[in-house]
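The values are calculated or read from the model by the stated rules, or taken from the named source; none is laboratory data. Please read all numbers here as calculations on a predicted model, not as lab measurements. When we count neighbours, we look across all protein chains shown, and the Cβ atoms used for this are built from the backbone with ideal geometry, even at glycine. Heavy atoms of the whole protein, side chains included, go into the accessibility calculation; ligands, DNA and RNA do not. Shrake-Rupley method; radii C 1.70, N 1.55, O 1.52, S 1.80 Å.
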Amino acid sequence: MEAQQPLANTPSLEERAYRIRRNALRMGEVQGQGYIAQALGVADVLAVSYFHALRYRPEEPYAEDRDRFLLSIGHYAIALYAALIEAGIIPEAELETYGTDDSRLPMSGMASYTPGMEISGGSLGIGLGIGVGMALGLKRKNSDRFVYNLMSDGELDEGPTWEAAMSAGHWKLGNLICIVDVNRMQADGPSTGVLNSEPLAPKWKAFGWHVQRVDGNDIAALVRAFDAARAHEADQPRVIICDTKMAKGVPFLETREKSHFLRVEKEEWQPAIAALDEGRTS
Amino acid sequence: MSRTKGPWRGGNAQAGLGTAADADKPRLTTSAMIASLAAEGQRTSPAPFGHALIEVAQDRPEIVGMTADLSKYTDLHVFAQQYPDRFYQMGMAEQLLMLAAAGMAHEGFVPFVTTYAAFASRRTFDFISQGIAEEGLNVKICCALPGLTTGYGPSHQATEDIAIFRGMPDLTIVDPCDALDTAQATKAIAAHDGPVYMRLLRGKVPLVLDEYDYAFELGKAKLIRDGADVLVISSGFMTMRALEAASRLAADRVDVGVLHAPTIKPLDTETILREAGRAGRMVVVAENHSEIGGLGEAVAALLMREGVRPPAFRQVALPDAFLDAGALPTLHDRYGISADAMAASIKGWLSR
């Protein structure tokens, strides 16, 4: 199984990111709420993950030879659903059910609800540790697949994240790639004020990781970083620290006072989609 | 409340202190953290968990062992020696241990995970709940020092582990009695598909149940000894104590039955209701656990719910307290879970 390669007539990564944002906004509109600022911010990372880096077959989301993608940040589910829809793992029509009773797309991501959701990540800080176990398991099976763990900068507050980081370094888990979405905003305010985890790169490096820090809204930079992470030769786990901008792609939301749970009024969803459409690059 | 000026716990060992009753007794010293429960001269079997695990793992290459720096103290070293490439030393990081086990189970392996019961229950609850149990992953959490099996003090005494774990949906909870039970339970949980918490007796483990017509079955309570006056429902090594107490009480013509219920969850409601429903018997639930939230309360709720009313219901259990440090025999007497203390309690209850 090979990575999703852009063919002549397949959408560009920019277009994929646009569609992921659009799917997320449409889900936000259905529910009247959602962690939309995070979803818009991380859309480029997901586009590069699902349409450049990951190896998978949409019709067989649990194939043994897939790369694993763990969503440690359960409340980013709206973003991952948007990507899974774009990837063809979830039918687009299902978007209308987001967050409604008996939907396969609940507000917080859970493995038992959604095809393509590998773990239940709502209790923050557990993804990387599970990723360590999966990476050890894949090595036991002599698999050359990667485990990707997407986490937020807020999850760096959690102790188990660092137990896992130390363990990954100890076991030299070259098949583990951690993506940290640094949007600098936690439930109670800016990350650096809640609990400052900077400087990030030296920390990960000290734990034995191959470290890159990139603009998480620069698709070309992300592609280079994912390629470098996969190609890195030493037996080290790899982390890509992605600085992202919350609400990216919808200017009037980007400039709104930032909060963990961005309020969007009922009448603002359509203008938000219109603003996104206006900025469409392809 | 500040403890900076005392009073201090302990202190009776200082010269001239202590009760009159204690005066002519030698003071025992706190045994090593992992002292055997075996009474002097009692038959034992070494590391029944470790040996059963290597036996079952022989034909099950997907079984792996994982620990948080406690393989030697949980008998997992036996597995590690036999299958070094299937053993994962995860470091003294219990939260990671549970998460990594979840990851291994995601990949189709069956991790047998060991640490102390206090750490698994108190420290890693959320990681077991959300990483393992919520997804029904096939992880076996086998923990030494359950209840009051170390004199080390509250840091290592898991007197509330069952209370903590009973609240976790889909988790099977097993509390074996002796070496035979531990070995058979190890094989049974390996054959069971789903998350399990097992209380582990390790080291030189007493061997008792081979003298009875008994075999461990997951989810089943077994009547080990019948008796007309009292029915003891027990789990863990308290079944061994109950059998000892029953022999002593027999000398006083008190006829005590013992129903061993090593699977705490799901409880064998059918057998318990049948035995507790037999007319005229006081029901005593005996467990190496706090009186809160363990087998006793589980049985009490079951009997109430189903309208089964024994003439009396009593608990032999640890008090709802942070227990003393000290030698195990001293502590088991002090808190009423030695065979002598248990026999005395039952006699007292019957005479009222």
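Residues of region B:87-101 whose accessible area (probe 1.4 Å, heavy atoms of protein chains only) drops by at least 40 Å² once all protein chains are present, relative to their chain alone: B:Tyr88, B:Gln95, B:Leu96, B:Leu99. When the square roots of the Cα gyration tensor eigenvalues are ordered a ≥ b ≥ c, the ratio a/c for chain B is 1.5 or more and a/b does not exceed b/c, which makes its shape oblate. Cα gyration tensor of region B:162-310, axes a ≥ b ≥ c as square roots of the eigenvalues: rounded (a/c below 1.5), prolate (a/b > b/c) or oblate? Taking the square roots of the gyration eigenvalues as a ≥ b ≥ c, region B:162-310 is oblate.
Solvent-accessible area assigned to carbon and sulfur over chain A amounts to 50 percent, based on a 1.4 Å probe. With a cut-off of 12 Å between beta carbons, the residues surrounding B:Ser45 carry a summed charge of -1, where Lys and Arg count +1 and Asp and Glu -1.
Report the net charge of residues surrounding B:Trp349, where surrounding means a beta-carbon distance below 14 angstrom and charges are Lys +1, Arg +1, Asp -1, Glu -1. Mind showing how you got there, number by number?
Values: positive: B:Arg281, B:Arg314, B:Lys347, B:Arg352; negative: B:Asp229, B:Asp252.
Cβ neighbours under 14 Å give a net charge of +2.
Using a Gaussian network model of chain A in which every pair of alpha carbons under 10 angstrom is joined by a spring, one finds that among A:Asp181, A:Asp153, A:Asp101 the greatest mean-square fluctuation is at A:Asp101. A straight line joining the Cα centroids of region A:233-282 and region B:276-302 runs 57 Å. For the pair A:Val223 and A:Asp188, a Förster radius of 30 Å applied to the C-beta separation gives a FRET efficiency near 0.30, rounded to the nearest 0.05. Dividing the summed helix terms, -39500 (n - 2.57) for each DSSP H run of n ≥ 4, by the number of residues in the protein assembly as shown produces a 222 nm estimate of -10000 deg cm²/dmol to the nearest 500. Residue by residue, region B:219-234 carries 3J(HN,Hα) couplings of x, 10, 9, 10, 7, 9, 8, 8, x, 8, 9, 9, 10, 8, 9, 9 Hz when phi is fed to the Karplus relation 6.51 cos²θ - 1.76 cosθ + 1.60 (θ = phi - 60°); x denotes Gly or Pro.
Interface of B with A. Using a 1.4 Å probe and counting protein heavy atoms only, the two chains hide about 2000 Å² of accessible surface, both sides summed. Loop-located chymotrypsin sites (Phe, Trp or Tyr not before Pro) in region A:48-105 (DSSP state other than H, G, I, E, B) with a sparse environment of at most 16 neighbouring Cβ atoms within 10 Å: A:Tyr62. A straight Cα-to-Cα reach below 20 Å connects A:Lys248 with the lysines A:Lys258, A:Lys266, residues fewer than 8 places away in its own chain not being considered.
If exposed means no more than 12 neighbouring beta carbons inside 10 Å and the site is in a DSSP loop, what's the longest run of chain A without any exposed GluC sites (Glu not before Pro)? Display every interim value, and only then the final one.
On the way: sites that count: A:Glu2, A:Glu59, A:Glu64, A:Glu233, A:Glu257, A:Glu265.
Formally, the longest exposed-site-free interval is A:65-232.
Between A:His232 and A:Asp144, the simple spin-label model (points 7 angstrom out along Cα→Cβ) gives 1.9 nm.
The alpha carbon gyration tensor of region B:56-129 gives principal lengths a ≥ b ≥ c with a/c of 1.5 or higher and a/b no greater than b/c, which makes the shape oblate.
Taking each of B:Lys204/B:Lys347; B:Lys187/B:Lys265; B:Lys140/B:Lys265; A:Lys141/B:Lys265 in turn, the alpha-carbon distance tops 24 angstrom for B:Lys204/B:Lys347; A:Lys141/B:Lys265.
With a cut-off of 8 Å between alpha carbons and a minimum separation of six or more residues, what is the relative contact order of region A:13-278 in percent?
That works out to 23 percent.
Considering only B:Leu231, B:Leu28, B:Leu200, the Gaussian network model of chain B with Cα springs below 10 Å gives its largest mean-square fluctuation to B:Leu28. Remark on A:Leu176: its backbone amide H falls under 5 Å from those of A:Val147, A:Arg238, a criterion applied only to residues 5 or more positions apart or on other chains, H modelled at 1.01 Å from N. Counting only alpha carbon atoms, the long axis of helix A:13-31 and the longest principal axis of chain A meet at about 60°. For region B:140-147, the Karplus equation 6.51 cos²θ - 1.76 cosθ + 1.60, evaluated at θ = phi - 60°, returns couplings of 10, 9, 10, 10, 7, 6, x, x Hz by residue, with Gly and Pro reported as x. Can you tell which of B:Pro146, B:Pro84, B:Pro195 shows the greatest fluctuation in a Gaussian network model of chain B with Cα springs below 10 Å? Judging by the Gaussian network model, the answer is B:Pro84.
Qualifying trypsin sites (Lys or Arg not before Pro) in region A:187-273, where qualification requires a DSSP coil assignment and no more than 13 other C-beta atoms within 10 Å, comprise A:Arg263.
Think of a 1.4 Å ball rolled over the protein heavy atoms: the protein assembly as shown then has 40 Å² of accessible area per residue.
For the pair B:Asp226 and A:Arg104, label points projected 7 Å from Cα toward Cβ lie 5.6 nm apart. What's the center-to-center distance, using Cα atoms, between region A:33-106 and region A:172-217 in Å? One Cα centre to the other: 22 Å. Mean sequence separation of contacting Cα pairs (under 8 Å, at least six apart), scaled by the length of region A:56-161, corresponds to a relative contact order of 34 percent. Of the chymotrypsin sites (Phe, Trp or Tyr not before Pro) found in region B:230-322, the ones in coil according to DSSP and having at most 16 other Cβ atoms within 10 Å of their Cβ are B:Phe322.
If the chain linking B:Asp126 and B:Glu40 were pulled fully straight, counting 0.36 nm for each residue of separation and taking away their Cα-Cα distance, it would gain 26.9 nm. Residue-wise HN-Hα couplings along region B:320-325, as the Karplus relation 6.51 cos²θ - 1.76 cosθ + 1.60 with θ = phi - 60° gives them from phi, are 7, 7, 7, 7, 6, 7 Hz; Gly and Pro carry x.
For region B:186-308, the antiparallel share of DSSP beta bridges with both residues in that region comes to about 25%. Within the shell of other residues whose beta carbon sits under 11 angstrom from the beta carbon of A:Val48, the net charge comes to -2, with Lys and Arg scored +1 and Asp and Glu -1.
Each of B:Phe49, B:Phe125, B:Phe87 has its accessible area taken with a 1.4 Å probe; listed largest first, they run B:Phe125, B:Phe87, B:Phe49.
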